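*Asks:* Structure incoming, see below.
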Amino acid sequence: LGTSGSQGAQGLQGLQGLSNQGVQGISGSSILTTNNTFSGITTFSGNVFSTSILQVQQVEETYNSYTSNIGAGTTVALDCSSGNTFYISTGTVSGNWTANLTNLSLSANCLTNVTLLIVQNATAFIPTALQIGGSAQTINWQGGSIPTGNNSKKDAIAFTIFNTGSGYNVFGQLVTFG
């Protein structure tokens with residue numbers, strides 16, 4: 001099992017040499033030192049930091065479905081508390097819209113990606129504006145101008161978001177499939 005550190009307000013610290021134990025539920029601020037191996041289902045709640053190389057064999061990410069109708073000029077709240085990927089397949093979209101990313105947890109000097117997978121109808125529309133927590137952001141679109149959606153196709157819009165500590169830098173791109 002290795003040596004274990006202190007448990008308390010700082011969470012589990014100093015855990016070394018843990019191997020094949022199926023550990024579940026490490027929470028708080030955790031510092032894991034050299035040669036930790038976890039197998040089975042391991043849940044980390046809170047932040048996990050690595051000061052060295054972090055090797056991950058497979059990552060599964062939860063996606064959020066959005067199926068409500070979207071009107072022209074509508075602001076659509078997309079809750080990032082359960083993931084940063086949104087599958088948007090609506091019956092009716094009547095115009096371009098604004099995406100409002102709510103509950104986006106992003107520390108200063110860090111970045112994240114948010115992806116919108118949009119199943120387009122006969123007439124395609126996209127979010128041409130972005131808000132984070134209700135505050136308007138400037139999207140720096142690939143190629144320098146707002147792209148257009150693609151009728152009856154599937155569009156993937158990726159936003160790379162940097163928290164500079166004093167605001168956000170947002171870079172957007174659209175890729176079309178099938």
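*Asks:* Please work out which one of (1) modelled with pLDDT of 75 or more; (2) hydrophobic (A, V, I, L, M, F, W, C); (3) open to solvent by 70 Å² or more (accessible area, probe 1.4 Å); (4) over 19 Å from the mean Cα position of the chain (by Cα) is the condition Val93 fails and give its number.
*Replies:* Every condition holds for Val93 apart from (3).
*Asks:* From the list Gln137, Gln142, which residue is more than 28 Å from Gly178 (Cβ to Cβ) and not β-branched (Val, Ile, Thr)?
*Replies:* Values: Gln142 fails: more than 28 Å from Gly178 (Cβ to Cβ).
Unique residue meeting the criteria: Gln137.
*Asks:* Looking for whichever is open to solvent by less than 50 Å² (accessible area, probe 1.4 Å), more than 18 Å from the chain's Cα centre (by Cα) and not hydroxyl-bearing (Ser, Thr, Tyr) here; the options are Phe177, Phe125. Which one fits?
*Replies:* Answer to the check: Phe125.
*Asks:* Something else now. What do you reckon, is Ile157 assigned to a strand (DSSP E or B), in contact with a Pro (Cβ under 8 Å, 6 or more places away or on another chain) and modelled with pLDDT of 95 or more? Spell out how you get there, then give the answer.
*Replies:* On the way: assigned to a strand (DSSP E or B): yes; in contact with a Pro (Cβ under 8 Å, 6 or more places away or on another chain): yes; modelled with pLDDT of 95 or more: yes.
Here the answer is yes, as Ile157 does meet what is asked.
*Asks:* Looking only at the range 135-151, which residues are open to solvent by 90 Å² or more (accessible area, probe 1.4 Å) and either assigned to a strand (DSSP E or B) or closer than 13 Å to Gly167 by Cα (or both)?
*Replies:* Correct list: Thr138 only.
*Asks:* Take the residues in the range 32-70 that are in contact (Cβ under 8 Å) with a residue 24 or more places away in the chain and either touching a Gly at 6+ places or on another chain (Cβ under 7 Å) or not in a loop (DSSP other than H, G, I, E, B) (or both); name whichever of them is least open to solvent (accessible area, probe 1.4 Å).
*Replies:* In this case the residue turns out to be Ile70.
*Asks:* Additional query: Mind listing whichever residues of the range 99-112 are surrounded by fewer than 16 Cβ atoms within 10 Å (Cβ to Cβ) and in contact with a Pro (Cβ under 7 Å, 6 or more places away or on another chain)?
*Replies:* First pass over the range 99-112, keeping only residues surrounded by fewer than 16 Cβ atoms within 10 Å (Cβ to Cβ): 102-103, 105, 107-111.
Within the range 99-112, none qualify.
The values are calculated or read from the model by the stated rules, or taken from the named source; none is laboratory data. What you see is a predicted model; the values in this text were computed from it and never measured. Here Cβ is always computed from backbone atoms with ideal geometry, including for glycine, and neighbour counts include all displayed protein chains. Accessible surface areas use protein heavy atoms only, side chains included; no ligands, DNA or RNA. Shrake-Rupley method; radii C 1.70, N 1.55, O 1.52, S 1.80 Å.
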